[in-house]
1. So which residues in the range 12-33 are within 13 Å of ligand 2 (Cβ to nearest atom) and either open to solvent by 40 Å² or more (accessible area, probe 1.4 Å) or part of a helix (DSSP H, G or I) (or both)?
2. Within the range 207-226, work out how many residues are of a type in the set (Gly, Ala, Ser) and surrounded by 18 or more Cβ atoms within 10 Å (Cβ to Cβ).
3. Out of the residues in the range 195-206 that are open to solvent by 10 Å² or more (accessible area, probe 1.4 Å) and more than 14 Å from Lys104 (Cβ to Cβ), state the one that is modelled with the highest pLDDT.
4. Spot the failing condition for Arg47; the list is (1) within 8 Å of ligand 2 (Cβ to nearest atom); (2) touching a residue at least 60 places away in the same chain (Cβ under 8 Å); (3) in a strand (DSSP E or B), and only one is missed.
5. Please determine, by comparing only the residues of the range 135-146 that are within 20 Å of Leu186 (Cα to Cα) and out of contact with any Cys (no Cβ under 7 Å at 6 or more places or on another chain), which one is most open to solvent (accessible area, probe 1.4 Å).
6. Can you tell me how many residues within the range 164-191 are surrounded by fewer than 16 Cβ atoms within 10 Å (Cβ to Cβ), part of a loop (DSSP other than H, G, I, E, B) and away from ligand 2 (no atom under 16 Å from the Cβ)?
7. Whether any residue in the range 146-168 is touching a Leu at 6+ places or on another chain (Cβ under 8 Å) and among the hydroxyl-bearing types (Ser, Thr, Tyr) is what I want to check.
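The values are calculated or read from the model by the stated rules, or taken from the named source; none is laboratory data. The structure presented is a predicted model; accordingly, all values stated were derived computationally and were not measured. Glycine also receives a Cβ, built like all others from the backbone with ideal geometry; neighbour counts cover every protein chain displayed. When the accessible area is computed, the model is the full protein with side chains, heavy atoms only, and any ligands, DNA or RNA have been set aside. Shrake-Rupley method; radii C 1.70, N 1.55, O 1.52, S 1.80 Å.
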Amino acid sequence: MRPNLLILGGTTEASALARAVSEQGLRAVFSYAGRVAAPKSQPLPVRVGGFGGVDGLRTYLRDHSITHVIDATHPFAAQMSRNAVAACAAEGVPLVALQRSAWKPGAGDDWHAVADIERAVAALAGARKRVFLALGRLNLPAFTTAPQHHYVLRLVDAPDAPLPLPDCTVVVDRGPFSVAGDLALLRDHEIDLVVCKNSGGAGAEAKLVAARQLGLPVVMIDRPKLPGRLELATVADVLGWVGN
Ligand code: 3Y8
Ligand code: NAP
């Protein structure tokens, strides 16, 4: 049967896959959750919004005769990834994850690895610091239990509601980011500490290079555990998998 792919997107890798799939003339649809006001355009038909849990995704797979699912979501989009594993197993639709590897500390890095967002907040106990929270918007409420700090927040969209943190500055910007830009941000805001997710990939790595150059500590949040599934590292591997 002629392939008809569902790409679960929202990352640099997903966009690279969409370009390759479009160039090969493969039938595919690209899916966003609808988290930001103006998601990057894609060279494929795009759908935006949740599917409605596992059952909603199962219905989508059947109704659109999807032959393959590529989960190219972010390593921290754990719920979407879990739903994809369950729905594809139930419908007998092949699934692969296009996943970039985690960052590893190198010479000059001062990382404090924590298991999750809650432990990152716990790591902020103590005297007031100037903290760069490079976590986006969805994880901010957890940090209200550490209100003593001055936070610099980087958000994709300007906030449309008051932020939950009493003492914060907002920088509205979307990645991929540059080392020069992140060096300037850390210096201009006199940052003492960076908090981020171990997202991997190149789109969010600049802040780690900048922190290393400035000798700043980093609280690094490890990835959530995901269910077992086939994981591939490159677009070429995924196209080969579809071809087979
Ligand atoms: C909506 C769709 C591409 C994809 C680009 C990548 C790189 C630039 C770096 C920092 C870290 C953060 C955040 C980040 C990066 C890429 C990639 C990546 C981190 C867009 C996009 C969508 C989102 C959702 C957004 C989250 C937020 C997380 C900001 C598009 C721009 C912090 C993750 O305001 C919100 O609600 C934002 C929510 C989920 C995490 C959070 O919890 O707030 N991504 N980001 C996707 C959808 O609707 O399905 O417009 O491109 C995509 C990208 N953001 O094709 O070029 O591949 O990761 N995204 C993190 O890594 O910690 C910023 O500031 O240093
Ligand atoms: P999540 O917590 O794993 O998913 C929550 C719900 O959002 C899912 O159950 C699903 O709703 C919907 N959803 C998530 N990704 C979707 C997609 N690509 N297409 C359609 N529905 C989707 O997801 P998240 O962490 O909020 O991430 C949302 C989006 O932002 C994803 O595209 C992800 O790749 C991107 N992103 C996330 C991060 C991050 O730090 N989390 C970073 C960069 C990019 P239903 O249950 O209703 O189907």
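1. Restricting attention to the range 12-33, the residues satisfying the condition of being within 13 Å of ligand 2 (Cβ to nearest atom) are 12-15, 17-18, 29-33.
Within the range 12-33, Thr12, Glu13, Ala14, Ser15, Leu17, Ala18, Ala33 meet the criteria.
2. The initial filter retains those residues of the range 207-226 that are of a type in the set (Gly, Ala, Ser), namely 210-211, 215.
Keeping just the survivors that are surrounded by 18 or more Cβ atoms within 10 Å (Cβ to Cβ) gives 210-211.
Final tally of qualifying residues: 2.
3. Lys197
4. Condition (2) is where Arg47 drops out.
5. Going residue by residue through the range 135-146, those that are within 20 Å of Leu186 (Cα to Cα) are 135-137, 140, 143.
So of that shortlist, the ones also out of contact with any Cys (no Cβ under 7 Å at 6 or more places or on another chain) come out as 136-137, 140, 143.
On the way: Gly136: 23, Arg137: 130, Leu140: 3, Phe143: 0 Å².
Residue satisfying both the conditions and the ranking: Arg137.
6. 5
7. Start the filter on the range 146-168 by keeping residues that are touching a Leu at 6+ places or on another chain (Cβ under 8 Å), which leaves 146-147, 149, 151-154, 163-165, 168.
When the remaining residues are screened for being among the hydroxyl-bearing types (Ser, Thr, Tyr), the result is 151.
Yes: one or more hits.
This table checks each residue for (1) more than 8 Å from ligand 1 (Cβ to nearest atom); (2) under 23 Å from Leu124 (Cβ atoms); (3) at pLDDT below 95.
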site: Asp167; (1), (2), (3): yes, yes, no
site: Val172; (1), (2), (3): yes, no, no
site: Gly175; (1), (2), (3): no, no, yes
site: Leu193; (1), (2), (3): yes, yes, no
site: Ala210; (1), (2), (3): yes, yes, no
site: Leu216; (1), (2), (3): yes, yes, no
